[in-house]
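The values are calculated or read from the model by the stated rules, or taken from the named source; none is laboratory data. Fair warning: this is a prediction, and the values are worked out from it, not measured in the lab. Counting neighbours? That spans all protein chains shown, and the Cβs are built from the backbone with ideal geometry, glycine included.
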Amino acid sequence: MKIETNRRLKISILRFDPHVKGDKPRMETYEIEEAPGMTLFIALNDIRQHHDASLKFDFVCRAGICGSCAMIINGKPDLACRTLTKKLPGEITLAPLPVFELIGDLSVFTGNWMRGLNERLEAWIHEEESEFNFNLLEEPMEPELADEIYELDRCIECGCCVAGCGTIQMREEFVGAVGLNKIARYQLDPRDKRSDKDYYDLIGDEDGVFGCMTLLGCEDVCPKNLPLQSKIAYLRRKMLTIGMKDKSGCGC
Amino acid sequence: MKIIYTDILVIGGGLAGLRTATGVKSRGHDVIVLSLVPPKRSHSAAAQGGMQASLANSFMGQGDNEDIHFEDTIKGSDWGADQKVVRMFVNTAPKAIRELTHWGVPWSRVKQGDHQAIINTKKVTITEQDNAHGLITARDFGGTKKWRTCYTSDGTGHSMLYAMDNKAHEQKIDVRERMEAVALIHENKRCYGAIVRNLMTGELSAFVAKATTIATGGYGRIYSVSTNAVICEGMGQAIALETGIATLGNMEAIQFHPTAIVPVGILTTEGCRGDGGVLRDVDGYRFMPDYEPQKKDLASRDVVSRRMIEHLRKGKGVSSRYGDHLWLDITLLGRKHIEKNLREVKEICESFLGIDPAKEWIPVRPTQHYSMGGIRTNYTGESQTLKGLYACGEAACWDIHGFNRLGGNSVSETVVSGMLAAEYIADFCDKAESSVDVNSNTIGSFLQQEKDKIEFLLNNENGEDAYELRQSMEQIMMDKVGIFRNGTELEHAVNELKALLLRSNNIEVKRSKSRAANPALVNAYRTQRMLKIALTAAYGALLRTESRGAHSREDYPERNDEEWLKRTIMSWPDPDSDVPVVSYEQLDIKSMELPPGFRGYGKDMTIQHPDSEIRREEIKKCLSNAREQGMDRFKVQAELMAYEDLLPEKYRGKNERLVEPLATRPSRKS
Ligand SMILES: Cc1cc2nc3c(=O)[nH]c(=O)nc-3n(C[C@H](O)[C@H](O)[C@H](O)COP(=O)(O)OP(=O)(O)OC[C@H]3O[C@@H](n4cnc5c(N)ncnc54)[C@H](O)[C@@H]3O)c2cc1C
C-alpha cells in the first residue's frame, strides 16, 4: 500500500492593518500541514486558530456561492473557499483584491463599491407607472428568455473581474465587467422598461462600454464563467449604433 | 456616546430583513438595515432548490392551491405549527412570488408541450398545457403532494436576494454593512433598538428606534458540521435571550438535511431528489423504498435523514476516512438536465469533491441544516413579551414549521413574514404609543456594558481560549444533540455545556489585542452567546420526552400529543444562571383546521390526545353541512378556522390560478 505523506504548505500572506497606527504592508509566511480535501478556507482558518489569531479574511457560505472570499491566489483572483490546496504548488501566496478599500489583510470592502456601482447604473427593474396586482397571474415570459436572463443574473459580485481588469488600473471610474454585465442583464429583460438610449446614457462612454480594452482579463477569472466578453462586445455594438443615431440628431 | 435615531431598525440583510425594510419604507417610515456582510452575501443567497407557492401552473402542480399547501405544511411540521399562521403564510406565498417576479427574479418557466422527467427512476413524458406556457414552473420537493417548488435553476436564493437587494437600492434604503448588533436596548418591557459594533473599526454606537426587527437567520453553527454559512451563529436569538424578557420557542427543533457532501457539509439541494435522483448504499442499492414505500426518497426531510442513519447503522454505509456515508445518484438525470437545472450542485461536486455528478455518485450524509426554533413571536411577528421587538425569517419561531420544515418553505417564509411584519410594524409606528420614551442613561448604560465586556475579554489574563470552548461545544452538539437523541446523552450534553458556559465567563482574547477589526475578539464574544443558544437547544431536547418531527428520542419514540402538543418557551432572566427558564405554550386542538393525525411515515406510534377525535368529528359535521349548503372551498375553510382578519388588509385577496380566474381581473396584456 502506498503511504501518502502530507505536504507542508508554505502560505505567504500580505499582511497590513490600516487601523493600526504605523503598521506597514509585509509578507508573512505560515507553514501548515496539508490535509486531504483541504481548501484555502480550511487552511486560513487553521492559520488563524493556530498561528495568528489576528489574521483577517472573509468567508460566508464557504461553498463558492456568495462571493465573499475572492482574493489574489498566486497572482490570480479567485474564490478562496473552493480552491483546493492540492491544485496549487506547495508555496502559496495570498494577497487582498486590489481596487477595493482594504479592511485588513485579505479582507476588502467590496460591498460599498458594488452598491455604488448599482446605484450609478440603477441596477434594478424600471417599471412603467404600473398598477401591479400581485393577486393576478404573473406575466408570461418565454422559458428560454428566463434562462438567458438567469445566466447573467448569476454574477456574485465577488470582484474578481474588477481585480483582473486592465482598464480599471487606468480609469478608476470604469464600471468593469460586473457593471456591463448588469446592463446586459437588464437590457435583455422585458420587465425593465428603459430604452436603449437610457442604457447608452449610463454606459455609452469611456467609463462604460467604450473603456474596455478587450484584454479578456475578466472572463478568464470569472468564477461563475459568465460570458462576459461576448456580452461586452454585444453591448459595444449596440451602443455604437445608438451613439451614431444620437449624433446624427435622429434621437430615436 | 454616538446615538443614531431611526423609526425602524432591521437587524439582518437577508431576504427576511430586506423585505421588512422595503415594506416599512413603502409605508413612509425611516429604516436602517444592519448586516454583518454585504446583504447580497447573506445566507439566503445559498438557497438552491426553490420557493414553495401554490401557483399550480405546471402539469404536475395542477389542482394545487392554498388548502393543499396548508395540509402539507402542517403534516410536515408534525402538527407543531401554528395553523392560523400557516394559513396566513400559504395565502400570501403566491403574492410574494409574483411580487418578486415583478422585481426581476428570472423564475424558470413552463414550456408548453412534452418534456421528459425522471419519476421513481423511470423516464416519463409530461405534457404541459398551452395556456400555462411562460408562467412560473415548479419542481417536486420532499413531503409535498404537488410539484410546488418554484425555482431559478438551483440558484433560487441568489436570484431572490439579488432582486430584493436591488429593490432596496432603488428605494434608497440605508444599509450599514459589517455592523453587528451586540445587545438590545430595552426598558420597561419595551425594546428601543440595539447597541451595534462596527466590525471594521470596532466602534460601538447605539441605534435607537421605535421598532426593532431581528432577521438574523439561523443558529446552525453551534454544530461543527452544518450546511449553514459560517455567519449563522444565532446572534439574533442570543441578544433577544439576553434581554431576559424576550422568549425563544422550540429551540430543540433542528433540521438535518439528508444530502450534504462528505466531509465538508456543503449542501446538495433536495431538488436533486425532486428531479429524480435517488439515494444508494454501499451495494449501490436504492434503499429508501424499503423504508418508505410511498414517498421513498422524497419523504419529509426528517424522515429521510433518520432512515439514512438507520441504514448506516445496519452497516450499509460506504466507509471513508471521514466516517461512513451513503451515495446520492443523480447520474440518471442526464448531463443536460444537470447542467441546466442543477448547476450549482455540479460546480460544488467539481470544486469540493473533484467529481462529475453526471457520471459519478455523490458522497452524502445527513447534516445540520435549519433552525425551526427561534425568537417566539405572535402572528404579527412581535415578541410575545418584549414590546417593539419583532422577528422574522429563520431567526423567528412564528411558527409555520413546527418540528420539521418542508424544503422550499423557508425562503418562502422569509419573504412572506417580511411582507406581513412590515405592515404590522408600520401600523405600530403610525401610532403615538410607538414614540421613543427611553432614558438616555439607559442607552448609556447598555453601551457601557458592551464596552466593559470587550475590555474584559481583551485585558483578561490567563483566561480560557474561546476557540477551544467553541470546538467543544460544536462537538457536544454533534455527538449528543443530533438526529437520534436519548436522555442519557442529552443530560451529559446539558451538563457539559453548562460547564463550558461557566468557563466562558473567563475567556481571554489571546494573541490579538486590536480593538478594531479583530476576528479573535469577535469569536470570543460570540462563543459566549452561542453557548447559551446551544444550551437552549440541548435543554429543550432533554425535557421533551417524545419524538416529533426532527426531534427524535430513542427512549421516547412516540409522538405524544397527550402531553407534548406544546411549544417549548425559554427565557434567560438571570444572567448568572446556567440554564434558561422553561415554560410551555399549549396548542389548542379544538381550534385546529387539521387536528393531529398520522403523517403517513413508518408505523403510527402517536399517543393521541382525546381532543383530536372530538375535533375530527366536529369537522366532519361541519364539512357535510357545508357541502349541503354548497359552500366553496374558501367559505368551508373559514367555517373551520377563520384567520383572514389576522392578515393585513392588502394581503387578504384571493390568488388567481389558471383554473381559478379572478372575476375582477382587467384583461391581461398579451
Ligand atoms: C445551503 C442551504 C440551502 C437552502 N436551500 C433552501 C431552499 O432551496 N429553499 C428554501 O426554502 N430554503 C432553503 N434554505 C433555507 C433558507 O435559505 C434560509 O432559511 C433563509 O434564506 C434564511 O433567510 P433569513 O433572511 O432569515 O436569514 P439570512 O439570509 O441568514 O440573513 C441573516 C442576516 O442577518 C445578518 N446578521 C446576523 N447576525 C447579525 C447581527 N448580530 N447584527 C447584524 N446583522 C446580523 C446577516 O449579515 C444576514 O444579512 C437553505 C439553507 C441552506 C443552508
Test for A:L84: is it over 17 Å from A:I103 (Cβ atoms), aliphatic (A, V, I, L, M), buried (at least 23 other Cβ atoms within 10 Å of the Cβ) and more than 16 Å from the ligand (Cβ to nearest atom)
no
Going by the conditions given, is A:G176 more than 23 Å from B:K340 (Cβ to Cβ), within 17 Å of the chain's Cα centre (by Cα), in contact (Cβ under 8 Å) with a residue 40 or more places away in the chain and not assigned by TED's automatic domain parsing to the domain that holds A:K24?
yes
Might you let me know whether the range B:259-270 holds any residue that is in contact with an Asp or Glu (Cβ under 8 Å, 6 or more places away or on another chain) and among the hydroxyl-bearing types (S, T, Y)?
yes
Being of a type in the set (D, E) and more than 12 Å from the ligand (Cβ to nearest atom) is the filter; apply it to the range B:258-292 and report the residue that is farthest from B:G315 (Cα to Cα).
B:D275
Can you find a residue that is within 10 Å of the ligand (Cβ to nearest atom) and either buried (at least 22 other Cβ atoms within 10 Å of the Cβ) or not acidic (D, E) (or both) anywhere in the range B:375-384?
no
If B:G602 satisfies all but one of (1) in contact with a helix residue (DSSP H, G or I) (Cβ under 9 Å, 6 or more places away or on another chain); (2) more than 18 Å from B:E562 (Cβ to Cβ); (3) exposed (fewer than 13 other Cβ atoms within 10 Å of the Cβ), what's the number of the condition it fails?
(3)
When the range B:334-359 is checked residue by residue, the ones that are in contact with a Cys (Cβ under 8 Å, 6 or more places away or on another chain) and either crowded, with 24+ Cβ neighbours inside 10 Å or in contact (Cβ under 8 Å) with a residue 24 or more places away in the chain (or both) are B:L342, B:V345, B:P357
Any residue that is under 22 Å from the mean Cα position of the chain (by Cα) and either under 20 Å from B:E270 (Cβ atoms) or surrounded by fewer than 24 Cβ atoms within 10 Å (Cβ to Cβ) (or both) - is there at least one of those in the range B:121-132?
no
Quick one: would you say B:V436 is touching a Phe, Trp or Tyr at 6+ places or on another chain (Cβ under 7 Å) and surrounded by fewer than 20 Cβ atoms within 10 Å (Cβ to Cβ)?
yes
Return yes when B:E170 is over 23 Å from the mean Cα position of the chain (by Cα), closer than 30 Å to B:K451 by Cα and more than 11 Å from the ligand (Cβ to nearest atom) and no when it is not.
no
Failed item in (1) charged (D, E, K, R); (2) more than 8 Å from chain A (Cβ to nearest Cβ); (3) touching a strand residue (DSSP E or B) at 6+ places or on another chain (Cβ under 9 Å); (4) touching a residue at least 24 places away in the same chain (Cβ under 8 Å), with B:K84 passing the rest:
(3)
List pairs: first residue in the range B:160-182 and more than 11 Å from chain A (Cβ to nearest Cβ), second residue more than 10 Å from the ligand (Cβ to nearest atom) and assigned to a helix (DSSP H, G or I) anywhere in the structure, Cβ distance under 6 angstrom, at least six positions apart or on different chains.
B:V182/B:E450
Can you name every residue in the range A:35-46 that is crowded, with 19+ Cβ neighbours inside 10 Å and in a loop (DSSP other than H, G, I, E, B)?
A:M38
Subset of the range B:334-390, residues within 14 Å of chain A (Cβ to nearest Cβ), β-branched (V, I, T) and part of a loop (DSSP other than H, G, I, E, B), comes to B:I355
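Yes/no per residue for (1) outside any loop (DSSP other than H, G, I, E, B); (2) closer than 26 Å to B:T243 by Cβ; (3) within 14 Å of chain A (Cβ to nearest Cβ); (4) touching a Leu at 6+ places or on another chain (Cβ under 8 Å):
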position: B:E450; (1), (2), (3), (4): yes, yes, no, yes
position: B:L457; (1), (2), (3), (4): yes, yes, yes, yes
position: B:E461; (1), (2), (3), (4): no, no, no, no
position: B:M477; (1), (2), (3), (4): yes, yes, no, no
position: B:A499; (1), (2), (3), (4): yes, yes, no, no
position: B:L502; (1), (2), (3), (4): yes, yes, no, no
position: B:K513; (1), (2), (3), (4): no, no, yes, yes
Scanning the range B:258-311 for residues that are among the hydrophobic types (A, V, I, L, M, F, W, C) and more than 26 Å from B:G155 (Cα to Cα) gives B:V282, B:F287, B:M288, B:M308, B:I309
Which residue out of A:L88, A:L137 is more than 26 Å from A:N181 (Cβ to Cβ) and facing chain B (nearest Cβ under 8 Å)?
A:L137
Residues (surrounded by 23 or more Cβ atoms within 10 Å (Cβ to Cβ) and either assigned to a helix (DSSP H, G or I) or of a type in the set (D, E) (or both)) located in the range B:276-305:
B:M288, B:D297, B:L298, B:R301, B:D302, B:V303, B:V304, B:S305
Being assigned to a helix (DSSP H, G or I) and more than 8 Å from every other protein chain (Cβ to nearest Cβ) is the filter here; which residues of the range A:116-134 pass it?
A:G116, A:L117, A:R120, A:L121
Within the range B:447-473, residues being under 30 Å from the mean Cα position of the chain (by Cα) and buried (at least 20 other Cβ atoms within 10 Å of the Cβ) number 4
How do the helices (runs of 4 or more DSSP H) wholly within the range B:1-104 filter down when requiring 2 or more residues that are within 9 Å of the ligand (Cβ to nearest atom) and buried (at least 24 other Cβ atoms within 10 Å of the Cβ): which remain?
B:15-26
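Listed here are the residues, each with its yes/no results for (1) within 14 Å of chain A (Cβ to nearest Cβ); (2) among the charged types (D, E, K, R).
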{"position": "B:E203", "(1), (2)": "yes, yes"}
{"position": "B:A211", "(1), (2)": "no, no"}
{"position": "B:T216", "(1), (2)": "yes, no"}
{"position": "B:Y219", "(1), (2)": "no, no"}
{"position": "B:S224", "(1), (2)": "yes, no"}
{"position": "B:E233", "(1), (2)": "yes, yes"}
{"position": "B:G249", "(1), (2)": "no, no"}
{"position": "B:E252", "(1), (2)": "no, yes"}
In the range A:53-76, the residues that are more than 7 Å from chain B (Cβ to nearest Cβ), surrounded by fewer than 22 Cβ atoms within 10 Å (Cβ to Cβ) and assigned to a loop (DSSP other than H, G, I, E, B)
A:N74, A:G75
Could we say that B:L420 is away from the ligand (no atom under 16 Å from the Cβ) and either modelled with pLDDT of 95 or more or over 29 Å from B:D78 (Cβ atoms) (or both) here?
no
I'm trying to understand the selection: among the residues of the range B:228-275, which are part of a helix (DSSP H, G or I), over 28 Å from B:L587 (Cβ atoms) and touching a Lys or Arg at 6+ places or on another chain (Cβ under 8 Å)?
B:M235, B:G271, B:G274
Hey, among the residues in the range B:201-255 that are surrounded by 24 or more Cβ atoms within 10 Å (Cβ to Cβ) and on the phi > 0 side of the Ramachandran plot, which one's farthest from the ligand (Cβ to nearest atom)?
B:N250
Selection within the range A:135-187 - surrounded by fewer than 20 Cβ atoms within 10 Å (Cβ to Cβ), of a type in the set (A, V, I, L, M, F, W, C) and over 19 Å from A:R236 (Cβ atoms):
A:L136, A:L145
